[in-house]
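A.B. asks: One structure coming up, written as structure tokens, with questions to follow.
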Amino acid sequence: MEWKGRRQSDNVEDQRGASMGGSPFGRGGMRIPIGGGGRRGGGIGIGGLVVILIICWITGINPLTLLSGGDIGFDDGGGTQQSQQRTPADDEMTAFVRTVLADTEDTWKGIFQASGQTYEDPTLVLFSGQVRSACGFASSASGPFYCPGDRKLYLDTTFFKELSQRFDASGDFAEAYVIAHEVGHHVQNLIGVLPKFNQMRQRMSETEANQMSVRVELQADCFAGVWGKHTDQKGLLSEGDLQEALNAAQQIGDDTLQKRSQGYVVPESFNHGTSAQRMRWFKRGFDSGDTNACDTFSGDV
């Protein structure tokens, strides 16, 4: 992916070095999963074994049943600051994140404008260790997530190293896919998908909420694919970039993660979609470049 020398977004807050204390539980946010097995929640994020930041306050579900998997977040407590020296690698990663975010801004502004709407840019927060959001506290193990409460994306860039080394999903376009997926949740928030989902899940069983969460996650994957198509049309993608994103989608499918962590799968606990589903919906968005192709709520997924 050609990203150097291009516009960088100003909508980035660098909170790396901030160490937060307090409860890891709070009010609703969204992530991409890369955790272990026995997932029970309807969250949205990419991280380690646990993704506990789901909208527990809405559902009344015990957070302990929501371990691993989610990309939406919560709010609580205070924190302390610690200084941390930046490295050249940090600076380049920051430039990369700012550039990808800027490209998503340009893409979604154009798509919204074409339908007579106005796209409101999200803010991306870079953090290390732990972070506090309007959705509560999260650790690096939770992975990247989106918080509807403050309309911010949260990312510890050390996750990209984990994505490459632990999950064999390397490449700048794989990393861009992660960011674009979380931006996809922001789009869902703006168009009313997330608020409606949060209302509906109050009346759902845990299994039903997981099934609906899968549809929400797959639509975010499809929206990431739509962004990817627009980026490709600008001539910014290189041979192999699409495969990088598809491989990342494959590596973080619920079935693949559960097989890796526990040796077997529990389909009723899936809340992000299988590897095949995640790849298929990203590819559908990429092939069409059209958000109308991303209706994951009608028919089978």
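Readers should treat all values here as calculations from the given coordinates under stated rules, not as data from a laboratory. Note that this is a predicted model, so its numbers are computed, not measured. With ideal geometry, Cβ positions are generated from the backbone for all residues, glycine too; neighbour counts draw on all protein chains shown.
A.B. asks: In whole Hz, with x marking every Gly and Pro, tabulate ³J(HN,Hα) for region 264-278 from phi via Karplus 6.51 cos²θ - 1.76 cosθ + 1.60, θ = phi - 60°.
C.D. replies: Rounded to whole hertz, the list is 8, 10, 10, x, 5, 9, 4, 9, 10, x, 6, 4, 4, 5, 5.
A.B. asks: Which whole-Hz couplings ³J(HN,Hα) result when phi for each residue of region 231-240 is put into the Karplus expression 6.51 cos²θ - 1.76 cosθ + 1.60, θ = phi - 60°, listed in order with x for Gly and Pro?
C.D. replies: 5, 5, 5, 7, x, 9, 9, 10, 4, x
A.B. asks: I'd like to compare 173-181, 94-102: which one has the highest average count of other Cβ atoms within 10 Å, and what's the full order after that?
C.D. replies: 173-181, 94-102
A.B. asks: Which of the peptides 151-160, 245-254 is most tightly packed, and how do the rest follow, going by the mean number of other Cβ atoms within 10 Å of each residue?
C.D. replies: Packing proxy ranking, top to bottom: 245-254, 151-160.
A.B. asks: Test of understanding: ordering Lys234, Lys109 by Cβ neighbours within 10 Å, fewest first, what list do you get?
C.D. replies: Lys234, Lys109
A.B. asks: Non-local amide H neighbours of Leu124 (under 5 Å, H modeled in plane, Pro and chain starts lacking H): which ones?
C.D. replies: For Leu124, whose amide H was placed from the backbone, the distant partners under 5 Å are Val12, Glu13, Leu153.
A.B. asks: Given R₀ = 51 Å, FRET efficiency for Gln262-Arg6 by Cβ-Cβ distance, to 0.05?
C.D. replies: That gives a FRET efficiency of 0.75.
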